[in-house]
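Trainee: Here it is: the structure, laid out below.
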Amino acid sequence: MSCTRLRAKKINARPRGRHWQSLPYLTLALLVGCVAPGEGNFQRPPTPAEVEQYNAMVQPEERIVCRTEIPIGSNIPVRKCRLAVDIDETSVFHREQLRRALR
Amino acid sequence: MQHYCRPYYLVLVCVATLAAIVPAVLPAQTPTPFTGNHYNQSNQTRVLEAAESHLQAGELDAADIAFRQAFESVRADRGLFHEAQLPVLDRLLATNFARQDWQQFNHYLDYHGGLTRRMYQGQAVRYAQALQFGADWHQRAALMLNDQHRTWHLIRSRNLIWQAVSALEQMPANHSRLSPLLYRIAILHYYLTNEASTRGLTSLEVRTDQPVRVSGWSMSGNETTRRSYAVGQELLERIYRIHAREADNVSTLAQIDTLLGDWQLLFGRDELARDYYRKAYQALQTEPAASPVIEQLFARRVTLPAPYFAPPATAFPTAPADSDAAALATMNTSQGRLRPQLTDDFFTEDHPHELHPASR
C-alpha cells in the first residue's frame, strides 16, 4: 500500500467530531484573510489625479510618472510609479546596453 | 597802504557772498515741479495715471516704462512684500501681454507667484485666489500662442490651480470651493490633449518648469489621452461626491451628471454620455421645480466644454465667480463639439438612441 493511500485511510479513520476542533483555526484564517494586511503596509498606487497634484507641488527632479506595465514573466499588468528622472536614466542605460550588444 | 577793513571792501565781500548764496537757496523755497522723483505717494498716483493713459492710447512701450517706475516706487515706498504691489503688477502683466513680451510677462508672473506665496502664508483662501489669478493669465497667454508655448502655459495654469486646490484642502471648511477649480483642471486636460500640441508634453509636465523641451522618455499620444480622460473622470466624480453631502442637491447633482455626460462626449464615449444624460434627466423629473434646469441643460445645444454652473456656495467671496467661466469660454475655439438638444422621447424610450451627429 502506498504511503498516500495509508494516510488517506488514517484520515478517514478519524472520528467525525474531531473536524469541529479545526473550526476555530479555520475561522481565524478566514478573518485574517479578510483584514487588509496592516493598514500601514498596504498602500494603493496613487490615482492619475493624485499623481498630477503631487507633481504640481514639487520640483521637477522629484516628479513621478505612474503607468501600467506588464512585468517580464507575467501577463498581469501592474501599475508602477517611478521618478521621471529614474525612467530617463534607465532608458539611457538600456539604450547603451543594446548598442554595446549590437556592436 | 590800503587797509582791507575799509567799508568799501566789506560791501564788496557781502555782495559776492549774497550772489553765491541766493541762487542756491531760492529754488529750495519755490515749489518743485514733477521732475521724475516718483518715490512719494502723490507722484506714484500721477505716474500710474500717466501709464494708464499711455496704455489706453496704445503706447505700450511708454506704458511699460511708466508702470515699471510706479512698481519700483511702490516697492521702495511701501516695502518689498507689500500688497500694494499687486494692482501695479496686474497692469504690468496686462501691458506686457499686449506687447507680447513673453519673457517679461513670465517674469512678472513668477514674481507675483513668489510674492503671494510669502504674503499669504497661512491664508489658504487668499493664496488660492492669488494662484487662480496667475492661472487666468497663463490661460490668456495660451490663447495667443501656438505649439509648445501654448502647451506650456496650459500646463502652468493647471499646476497653479492644483496648488490652489492643495491650499484649500488644508481646511475642511474650504472643500465646497474646490469644485470649480477641479472642473477647470479637467477642462484644461481636454485642451491639452485635443487643442494644444502634445509634442514635448511629458517634458514640460515632469522634466522642467521652463518653456523648453528636454529630451528623454515621453508618453505616447494614446497614453496621454487615456490619462487625461481618467483624470477628468476622477475629478468630476469627486465634484459629485462633494455635492452629494449637501441638502437639496438633486438639481446640482443632475448638473454634475450632465457635465460627466459631456466629458464622455468630448472623449468619444457616446454610450456612456447617454447614460449620464438620462440619469440627470430622470433625477430632474422627480423635482417639481426643476423644469427650468431641464430647459437650460437639454432644450438647446450647448458648446462643449460647458462652463461650470457655479452654485453660489462654491464661489470665492471676493473673486469674480465667473472668472473661470470667462477664461474657459474664450477657449472654446476650434473643435466645436456640442451637447445635443435632447428631447423628451430620447429619455422616455428604452431603445438606444444615437446622439445627434451634429454634435461632432
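The values are calculated or read from the model by the stated rules, or taken from the named source; none is laboratory data. These numbers were taken from a predicted model, which means no experiment stands behind them. Virtual Cβ from ideal backbone geometry, glycine too; neighbours counted across all protein chains shown.
Trainee: Looking at B:P211 and the list (1) more than 10 Å from chain A (Cβ to nearest Cβ); (2) free of Cβ contacts under 8 Å to residues at least 60 places away in the same chain, which single condition is not satisfied?
Mentor: Among (1) more than 10 Å from chain A (Cβ to nearest Cβ); (2) free of Cβ contacts under 8 Å to residues at least 60 places away in the same chain, the lone unmet condition for B:P211 is (2).
Trainee: Here's another thing I want to ask about it. Working only within the range B:289-315, note down all residues that are part of a helix (DSSP H, G or I) and modelled with pLDDT of 55 or more.
Mentor: B:A289, B:A290, B:S291, B:P292, B:V293, B:I294, B:E295, B:Q296, B:L297, B:F298, listed by residue number.
Trainee: Another question, if that's okay. Identify, from the list B:T318, B:T286, the residue that is more than 30 Å from B:T224 (Cβ to Cβ) and modelled with pLDDT under 60.
Mentor: On inspection, the qualifying residue turns out to be B:T318.
Trainee: Can you tell me which residue within the range B:221-261, out of those that are of a type in the set (A, V, I, L, M) and facing chain A (nearest Cβ under 9 Å), is surrounded by the most Cβ atoms within 10 Å (Cβ to Cβ)?
Mentor: B:L235
Trainee: Return the only residue of B:Q132, B:Q104 being assigned to a helix (DSSP H, G or I), surrounded by 15 or more Cβ atoms within 10 Å (Cβ to Cβ) and more than 16 Å from the chain's Cα centre (by Cα).
Mentor: From the options B:Q132, B:Q104, the qualifying one is B:Q104.
Trainee: Anything in the range B:262-273 that is over 20 Å from A:Q53 (Cβ atoms) and either within 14 Å of another protein chain (Cβ to nearest Cβ) or over 25 Å from the mean Cα position of the chain (by Cα) (or both)? List them, or say none.
Mentor: B:Q264, B:L265, B:F267, B:G268, B:R269, B:D270, B:E271, B:L272, B:A273
Trainee: Tally time: how many residues in the range B:182-203 are more than 10 Å from every other protein chain (Cβ to nearest Cβ), of a type in the set (A, V, I, L, M) and in a helix (DSSP H, G or I)?
Mentor: 4
Trainee: Which numbered condition in (1) assigned to a helix (DSSP H, G or I); (2) more than 28 Å from B:L181 (Cα to Cα) is the only one that A:N75 fails?
Mentor: (1)
Trainee: Looking at B:I161, is it part of a helix (DSSP H, G or I), within 17 Å of the chain's Cα centre (by Cα), crowded, with 24+ Cβ neighbours inside 10 Å and within 11 Å of chain A (Cβ to nearest Cβ)?
Mentor: Considered against the rule, which asks whether it is part of a helix (DSSP H, G or I), within 17 Å of the chain's Cα centre (by Cα), crowded, with 24+ Cβ neighbours inside 10 Å and within 11 Å of chain A (Cβ to nearest Cβ), B:I161 comes out as yes.
Trainee: Give me the pairs, please: first residue somewhere in the range A:55-70 and facing chain B (nearest Cβ under 8 Å), second residue anywhere and in a helix (DSSP H, G or I) and among the charged types (D, E, K, R), beta-carbon distance under 8 Å, and either six or more positions apart or on two chains.
Mentor: Pairs that qualify, where the first residue is facing chain B (nearest Cβ under 8 Å) and the partner is in a helix (DSSP H, G or I) and among the charged types (D, E, K, R), are A:N55/B:E205; A:A56/B:R158; A:P60/B:R207; A:R63/B:E205; A:R63/B:R207; A:R67/B:E223.
Trainee: Among the numbered criteria (1) over 23 Å from B:T208 (Cα atoms); (2) in the same structural domain as B:L204 (by TED's automatic domain parsing), which one does B:N96 miss?
Mentor: (2)
Trainee: Another one. Could you please tell me which pairs satisfy a Cβ distance under 9 Å, a separation of 6+ or placement on different chains, a first residue in the range B:71-88 that is closer than 12 Å to B:H112 by Cα, and a second residue that is among the hydroxyl-bearing types (S, T, Y)?
Mentor: B:Q85/B:Y111; B:L86/B:T116; B:V88/B:S73
Trainee: Here's a follow-up. Show the residue pairs that are 6+ apart or on different chains and have beta-carbon atoms under 6 Å apart, the first residue being within the range A:81-94 and at pLDDT 85 or above, the second being in a helix (DSSP H, G or I).
Mentor: Close Cβ pairs satisfying both conditions: A:A84/B:V206; A:V85/A:E61.
Trainee: Which condition does B:A76 not pass, out of (1) within 14 Å of chain A (Cβ to nearest Cβ); (2) at pLDDT below 90, if it passes all the others?
Mentor: Looking at each condition in turn, B:A76 falls short on (1).
Trainee: Here is a check on your reading of the model: is B:R91 among the basic types (K, R) and within 16 Å of the chain's Cα centre (by Cα)?
Mentor: yes
Trainee: Kindly provide the set of residues from the range A:87-103 that are surrounded by 12 or more Cβ atoms within 10 Å (Cβ to Cβ) and of a type outside the set (V, I, T), ordered by number.
Mentor: A:D88, A:E89, A:S91
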